[in-house]
Amino acid sequence: MSPAKSNLTRRAALGVFSIVPAHVLGKTAPSNLVQIAQIGCGRIARAMEFPGLLRNSDSARIVAVCDLDTVRLADAKAHLERIYASKYGENYTKVKTYADYHEMLKDPSIDAVAISTPDHWHAQPTIEAALAGKDVFLQKPASLTIAEGRLMADTISKTGRIFQQGSQQRSDPAFRLACELVRNGRIGKVLEVFVGLPTDPAGGNPAPMPVPSNLNYDAWLGVTPVMPYCEERVHPQSPDMRKRYDRPGWLRLEQFGAGMITGWGAHHIDTAHLAMGLEHSGPTEIVADASFPKAGLWDVHGSYHVRMKYPNGATMFISDKFENGVRFIGEQGWIWVTRGRYTPGQGNSRTVAASDERWLKEGIRSGEIRLHVSPKNDHHLDWIDAIKARRPAVAPAEDGHRSCSACLLAHAAMKTGRTLKWDLKAERFIGDDEANKLLARPERAPYGAARVLAAHK
């Protein structure tokens with residue numbers, strides 16, 4: 001019996017969800033579904049994980065939520081219970097709440113976790129969840145540093161858990177078609193890849209403020225250094241609940257991430273890797289120019305231009321001056337893809353276009369390479385089905401780590417201002433001790449992925 005099915009049987013035997021008997025709800029009884037706990041209930045959870053999992057409530061159910069902000073935590077519980085009650089009645093099993101996800105991971109009835117936390121809280125809970133026997137959906141980018149990303153990917157591999165990176169473009173039919181066309185040689189040998197990404201604004205008010213009583217600020221800072229609290233360092237605390245889920249300030253601080261090079265770059269670079277068949281590879285030479293704010297709180301990069309050379313001979317260019325999307329240029333033509341509505345077989349469109357429009361209308365021929373197709377083109381459903389079937393999901397951990405690594409390599413080149421050589425196997429810069437210091441960060445006790453694994457040995 002598979003681990004997922006074993007868990008379902010165990011829950012039924014223990015009567016974990018005895019509020020509503022299975023015969024009342026049939027196949028949608030909680031004991032028959034993948035039980036999912038949500039870690040992080042902010043903007044991305046509200047926009048991505050909640051809708052993605054709720055629309056698949058015939059296969060999986062969010063049974064617990066965790067957040068370090070008690071207001072968000074209570075709002076997540078109310079939001080989910082309101083929707084579930086509308087579907088299954090007021091007496092349906094309630095959603096549990098946790099202020100500490102470590103307590104959540106001890107619950108044997110939970111099969112899997114969805115992690116939608118800030119970047120600096122990606123690797124550690126993923127590792128701890130895998131060690132606790134839970135499958136994982138993790139929002140991108142995979143990690144704050146390359147070093148902790150490697151620890152995370154290795155832990156997923158060793159534990160055999162089902163992992164899905166939140167790289168939803170892999171489940172999008174337009175991106176899949178573009179990648180398949182490139183993989184099948186429509187444009188010939190890939191010469192160049194142009195990746196267009198946005199930027200974040202400078203600014204932010206650094207004036208210290210009292211820590212809100214509803215926020216566990218020390219835990220929120222996690223592995224990063226202690227800094228004075230201010231609202232624009234963390235996330236909105238507006239009395240208007242809708243504004244509490246506005247874009248948070250932490251996205252614009254290097255303390256917690258690298259800016260848009262990882263925020264959007266993790267999506268488009270992942271697409272480029274998939275199209276070139278380099279999911280477990282990356283660049284070997286990186287050079288970049290970037291501007292950085294000189295005033296205000298927010299300090300992630302501004303305008304930038306990156307050039308990266310790949311082992312297949314292709315050169316990738318990344319810039320905020322390019323249109324948002326990915327353009328592949330080969331010896332025999334080009335293919336372009338970006339987000340938007342796509343109709344298969346329609347030819348060139350705003351979403352996907354090619355130098356030869358027949359490629360798009362014709363699609364992929366019999367016998368050619370075909371990439372993984374997510375059921376209903378649904379990224380969350382793909383993960384749920386993978387959990388049930390114990391098969392790899394469309395965006396595995398190693399792939400997510402390598403895409404994130406490429407982003408962080410670009411960021412390292414921005415910071416050093418010189419050409420960097422990268423050893424893909426050792427995951428180290430060649431002959432550059434200063435640059436290698438950027439591969440990891442000190443972990444503030446008691447937090448950190450490395451600390452968790454050291455204690456686990």
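With +1 on each Lys and Arg Cβ and -1 on each Asp and Glu Cβ, how big is the dipole of the chain about its Cα centre, in debye rounded to the nearest 20?
Numbers: 58 positive and 49 negative charges, 191 e Å.
Using Cβ point charges on Lys, Arg, Asp and Glu, the chain gives about 920 debye.
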Exercise. Ranked highest first by average number of other Cβ atoms within 10 Å, how do 395-403, 281-289 line up?
Worked result: 395-403, 281-289
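Report relative contact order for region 54-167 in percent, whole number only (criteria: Cα-Cα under 8 Å, sequence separation at least 6).
Details: 145 pairs, mean separation 22.9, N = 114.
Once normalised by length, the contact order is 20 percent.
When Lys and Arg each count +1 and Asp and Glu each count -1, what net charge do the other residues less than 11 Å away from Leu381, Cβ to Cβ, add up to? Spell out each step's value before the answer.
Values: positive: Arg55, Lys376, Lys388; negative: Asp58, Asp378, Asp382, Asp385.
Residues near Leu381 contribute -1 overall.
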For this session: Enumerate the calculated ³J(HN,Hα) couplings along region 89-105 in order (Karplus 6.51 cos²θ - 1.76 cosθ + 1.60, θ = phi - 60°), each rounded to whole Hz, writing x wherever the residue is Gly or Pro.
Result: x, 5, 8, 5, 3, 6, 8, 6, 10, 9, 8, 9, 5, 4, 5, 4, 5
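Tally the DSSP beta bridges in the chain and give the antiparallel ones as a percent, rounded to 5. Please list the in-between numbers first.
Working: 31 of 57 bridges.
DSSP beta bridges in the chain are roughly 55 percent antiparallel.
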Exercise. If the cut-off is a Cα-Cα distance under 18 Å, which aspartates and glutamates reach Lys96, setting aside same-chain residues fewer than 8 apart in sequence?
Worked result: Glu49, Asp67, Asp69, Asp75, Glu81, Asp107, Asp111
Exercise. Around Thr284, which amide H atoms from residues at least 5 apart in sequence, or from another chain, sit under 5 Å from its own amide H, with H modelled in the peptide plane?
Worked result: Lys309, Tyr310
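May I ask for the net charge around Trp121, where only other residues with Cβ less than 15 Å from the Cβ of Trp121 are counted and Lys, Arg are +1 while Asp, Glu are -1? Present the calculation step by step, with values, prior to reporting the outcome.
Values: positive: Arg43, Arg72, Lys140, Arg233, Arg441, Arg444, Arg451; negative: Glu49, Asp67, Asp69, Asp100, Asp119, Glu128, Glu148, Asp218, Glu443.
Neighbourhood net charge equals -2.
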Exercise. When only C-alpha pairs under 8 Å and at least 6 residues apart count, what is the relative contact order of the chain, in percent?
Worked result: 19
Problem set entry | Calculated from backbone phi, Karplus (6.51, -1.76, 1.60) coupling profile of region 38-55 in Hz, x at Gly/Pro | 9, 9, x, 10, x, 4, 6, 4, 5, 8, 10, 5, 4, x, x, 7, 5, 6
Exercise. Pairs Lys189/Lys361; Lys158/Lys457; Lys134/Lys158: which are spaced more than 18 Å apart, C-alpha to C-alpha?
Worked result: Lys189/Lys361
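In a shell of Cβ-Cβ distance under 15 Å around Gly185, excluding Gly185 itself, what net charge do Lys and Arg (+1) and Asp and Glu (-1) give? Can you show the working numbers first?
Working: positive: Arg183, Arg186, Lys189, Arg358, Arg365, Arg370; negative: Glu180, Glu331, Asp356, Glu362, Glu368.
Its environment carries a net charge of +1.
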For this session: Report, by chain and number, residues whose modeled amide H sits under 5 Å from the one on Ala114, excluding near sequence neighbours (fewer than 5 apart, same chain).
Result: Ala37, Gln38, Ile39, Phe137
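Gain in length, Leu191 to Arg55, computed as 0.36 nm per residue apart minus the alpha-carbon separation, to one decimal in nm? Please list the in-between numbers first.
Working: separation 136, 0.36 × 136 = 48.96 nm, distance 4.08 nm.
Residue separation times 0.36 nm, minus the Cα-Cα distance, leaves 44.9 nm.
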Problem set entry | Sequence-distant residues sharing a close amide H with Phe322 (under 5 Å, placed H) | Leu197
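Mean Kyte-Doolittle of at least -1.0 and a Cα length of 24 Å or more along the axis: which whole DSSP H helices of the chain meet both? Walk me through the intermediate numbers first.
Numbers: long enough: 70-88 (26 Å, -0.40); 397-416 (28 Å, -0.05).
Flagged H segments are 70-88, 397-416.
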Problem set entry | Gap separating the Cα centres of region 130-155 and region 35-111, nearest whole Å | 21
For this session: Label the chain by shape, choosing from rounded, prolate and oblate, from the square roots a ≥ b ≥ c of the eigenvalues of the Cα gyration tensor; if a/c is under 1.5 it is rounded, and otherwise prolate applies when a/b is larger than b/c, oblate when it is not.
Result: oblate
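Readers should treat all values here as calculations from the given coordinates under stated rules, not as data from a laboratory. A quick note: this is a predicted structure, and the numbers were derived from the prediction, not measured. All Cβ positions, glycine included, derive from the backbone under ideal geometry; neighbour counts span all protein chains shown.
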